[in-house]
Structure formats: C-alpha cells, structure tokens
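Student: Below is one structure. I have some questions about it.
The values are calculated or read from the model by the stated rules, or taken from the named source; none is laboratory data. Please read these numbers as outputs of a predicted model, since none were measured by experiment. Quick reminder, even Gly has a Cβ in these numbers, built from the backbone with ideal geometry, and neighbours come from all protein chains shown. In case anyone asks, the SASA skips ligands and DNA or RNA and just uses the protein heavy atoms, side chains included. Shrake-Rupley method; radii C 1.70, N 1.55, O 1.52, S 1.80 Å.
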Amino acid sequence: VLLVESGGGLVQAGDSLRLSCAVSGRTFSDYTMAWFRQAPGKERESVAAINRSGGATFYAESVKGRFAISRDVAKNTVYLQMASLKPEDTAVYYCAAVNRGFINTQSSSYTYWGQGTQVTVSS
C-alpha cells in the first residue's frame, strides 16, 4: 500500500487547510485510516482516524471541533480538513493505514505510512 500526502504549507493562525492522502496498491475500503502528527522534539500523536466504512471517527481533544476527517472511496483518498489553525498545530502530518475494521489510536498499530507533509502555522 502506497500513501502519498499533499496539501501542507505555511498559513496564518485562524486559517484553514485541507490535507489529502492518496492510497494505492490495495482495496482502499479494507483499511482504517488515520492522521498523526509530530512536532519537533515531541512524540508522534494521533490526530484523527476513520474506520473502513467511514461510519466511525476519532479526534484528539486538541482538534475536536476544528478538524474533520473524511474518506472518498471513488478517489481512494482520505482527507483532513483543518480549520481555525493554531501555532501549536505546527507539525509534520502523516497519513497511516491498517487493514482492520476498528479504530486504533496507537501509531504502532498502523502498517502503512506516508512520507509526511509539513504544516506550519504562524502567529
């Protein structure tokens, strides 16, 4: 499974950004998908996840109400819509996939990873 993220960039606090993760190589609908992020000097943390059917989602407390994860089966793509961005959202954002039906927030549970996309939010 190949995951390719896009959509990162430099924005100002309060702006919005949408990250995309294109998935290829396997049946997209078999995989639970997640977004993680890692800021300099910090551990990788779970941001959002969506199960294989799209019927269940998870959000970290720090992004609830501001971020939204979704998946488009026709495009084999998972999205992370980010709004009201804050400087503390600055990190490299990674897309991850696991062939499992339920959501897990532990990074060690995910089998496939993208290369990451940088999001920088200036104050």
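Student: Quickly run through segment 46-82 and pick out the residues that are surrounded by 15 or more Cβ atoms within 10 Å (Cβ to Cβ) and among the charged types (D, E, K, R).
Tutor: Within segment 46-82, Arg52, Arg66, Arg71 qualify.
Student: With respect to Arg37, determine if the residue is open to solvent by less than 20 Å² (accessible area, probe 1.4 Å) and within 21 Å of Gln115 (Cα to Cα).
Tutor: On the way: open to solvent by less than 20 Å² (accessible area, probe 1.4 Å): yes; within 21 Å of Gln115 (Cα to Cα): yes.
In short, yes.
Student: Can you pull out the residues in segment 7-34 that are more than 15 Å from Leu80 (Cβ to Cβ) and surrounded by fewer than 16 Cβ atoms within 10 Å (Cβ to Cβ)?
Tutor: Correct list: Leu10, Gln12, Ala13, Gly14, Ser24, Gly25, Arg26, Thr27, Ser29, Asp30.
Student: What pairs can you find where one residue is in segment 38-54 and in a loop (DSSP other than H, G, I, E, B) and of a type in the set (Gly, Ala, Ser), the other is open to solvent by less than 80 Å² (accessible area, probe 1.4 Å) and at pLDDT 95 or above, and their Cβ atoms are less than 6 Å apart, with a gap of 6+ or different chains?
Tutor: Ala39/Ala91; Gly54/Arg71
Student: Right, here's the next one. Working only within segment 23-40, note down all residues that are over 18 Å from Arg100 (Cα atoms) and modelled with pLDDT of 95 or more.
Tutor: To start, the set of residues in segment 23-40 that are over 18 Å from Arg100 (Cα atoms) comprises 37-40.
The answer is Arg37, Gln38, Ala39.
Student: Still on this structure, please answer the following. Just to be sure, is Ser70 over 23 Å from Ser122 (Cα atoms) and polar (S, T, N, Q)? Break it down stepwise before answering.
Tutor: Numbers: over 23 Å from Ser122 (Cα atoms): yes; polar (S, T, N, Q): yes.
The answer is yes for Ser70.
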